[in-house]
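To keep things clear, I will list the structure first and then write my remarks on it.
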Ligand code: 13P
């Protein structure tokens, strides 16, 4: 393992003013997104949609890396250029989602384990050859009555750590993503408590599996109220509590934090990131690794029509620019209305 090279990639992924586009929806998830805009979920439509994102101006200025789904990594643009080459030509790092989704965790009702470790090493070799320089693995932690349990959190943290160690051995930077879901009616205190427990457990497992923290990027949730909680926390409260939870659990050797949006509205996700960077006082770069909060607007603008490609690219450029400003603590709500 060349840790200097891994660290250089990780630093590039969280370069101030830039962030990561999560475009790694599985075939099932992208079908849901396409259903919502009335687009048939064919391989060509998936390619055309992702190609329009990768050819947008934002790629050169605001997007440090793109997380791809396996299918996309092997696809070519309409003119025959591999999509990975479009991404690299824009100066952005191609990455790949390598987990194989969730399965029920035996003995733990209503809890899941992320699978995909078997043969991961072989898959990484092929992904590297095709141009991927980082990977993503998402562990999912739900909050409900009696959930999460310590056993399920530990199993998921262990899998994340095994994944991260295998990636580093193959010269690929692991994005370590333990997502505490927003689903449910829980209070922000409960999200805070669970997020701290999960991060603490994840870093213990990373340590035991000898993962070099200088060569990872952490992708956590923010500390927010459950969607059904009935009251929203202020932007300031989310920012302060998220920073405090991370400071208590995440070692400063980690180069950067790239948040998931997790069901926040586009503007909430931007405002929260901006507030954290305005407050500052933490040792890591803090940026975005958004899926929905970057893509909802362009998907709506595109609606599967070739004549809407330019409008969709403008919508994507706008969200990417807003989040770029937020990664610097320079965003203002007025910029949204102006657009
Ligand atoms: P969202 O920003 O839509 O949560 O997606 C990010 C991601 O990659 C989740 O795994």
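The values are calculated or read from the model by the stated rules, or taken from the named source; none is laboratory data. These figures come from a predicted structure and were not determined experimentally. As a convention, Cβ positions derive from the backbone with ideal geometry for all residues, glycine included, and neighbour counts pool all protein chains shown.
Being part of a helix (DSSP H, G or I), away from the ligand (no atom under 12 Å from the Cβ) and closer than 25 Å to residue 55 by Cβ narrows it down to one residue among 278, 321; which is it? Show your work before the answer.
Values: 278 fails: closer than 25 Å to residue 55 by Cβ.
Just one listed residue meets the conditions, 321.
Every residue, every condition in (1) touching a helix residue (DSSP H, G or I) at 6+ places or on another chain (Cβ under 7 Å); (2) touching a residue at least 12 places away in the same chain (Cβ under 8 Å); (3) within 16 Å of the ligand (Cβ to nearest atom); (4) not in a helix (DSSP H, G or I), yes or no:
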{"residue": "261", "(1), (2), (3), (4)": "yes, yes, yes, yes"}
{"residue": "264", "(1), (2), (3), (4)": "yes, yes, yes, yes"}
{"residue": "294", "(1), (2), (3), (4)": "yes, yes, yes, no"}
{"residue": "301", "(1), (2), (3), (4)": "yes, yes, no, no"}
{"residue": "308", "(1), (2), (3), (4)": "yes, no, no, no"}
{"residue": "327", "(1), (2), (3), (4)": "yes, yes, yes, no"}
{"residue": "330", "(1), (2), (3), (4)": "no, yes, no, yes"}
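Looking only at segment 17-32, count how many residues are in a helix (DSSP H, G or I) and within 10 Å of the ligand (Cβ to nearest atom).
Of the residues in that region, 1 qualify.
When 140, 66 are screened for being within 15 Å of residue 24 (Cα to Cα), within 22 Å of the chain's Cα centre (by Cα) and assigned to a strand (DSSP E or B), only 66 passes.
A count restricted to segment 78-105 and to residues that are farther than 23 Å from residue 19 by Cα and surrounded by fewer than 17 Cβ atoms within 10 Å (Cβ to Cβ) stands at 8. Among the residues of segment 243-259, is any crowded, with 20+ Cβ neighbours inside 10 Å, outside any strand (DSSP E or B), at pLDDT 95 or above and within 16 Å of the ligand (Cβ to nearest atom)? Looking through segment 243-259, none of the residues is crowded, with 20+ Cβ neighbours inside 10 Å, outside any strand (DSSP E or B), at pLDDT 95 or above and within 16 Å of the ligand (Cβ to nearest atom). Looking at this structure, is residue 157 over 21 Å from residue 66 (Cα atoms) and buried (at least 16 other Cβ atoms within 10 Å of the Cβ)? When the stated conditions are applied, residue 157 passes them. Residue check: residue 225 meets all listed conditions (1) without any contact (Cβ under 8 Å) to a residue 12 or more places away in the chain; (2) part of a loop (DSSP other than H, G, I, E, B) but one, namely (1).
When residue 232 is tested against (1) modelled with pLDDT of 95 or more; (2) away from the ligand (no atom under 15 Å from the Cβ); (3) part of a loop (DSSP other than H, G, I, E, B), just one condition goes unmet, and that condition is (1).
The combined condition, being in contact (Cβ under 8 Å) with a residue 60 or more places away in the chain and within 16 Å of the ligand (Cβ to nearest atom), is fulfilled by residue 101.
Within segment 33-53, the set of residues being within 20 Å of residue 288 (Cα to Cα) and more than 16 Å from the ligand (Cβ to nearest atom) is empty. With respect to the conditions (1) closer than 24 Å to residue 61 by Cα; (2) within 15 Å of the ligand (Cβ to nearest atom); (3) crowded, with 18+ Cβ neighbours inside 10 Å; (4) over 16 Å from the mean Cα position of the chain (by Cα), residue 224 falls short on a single one, namely (1).
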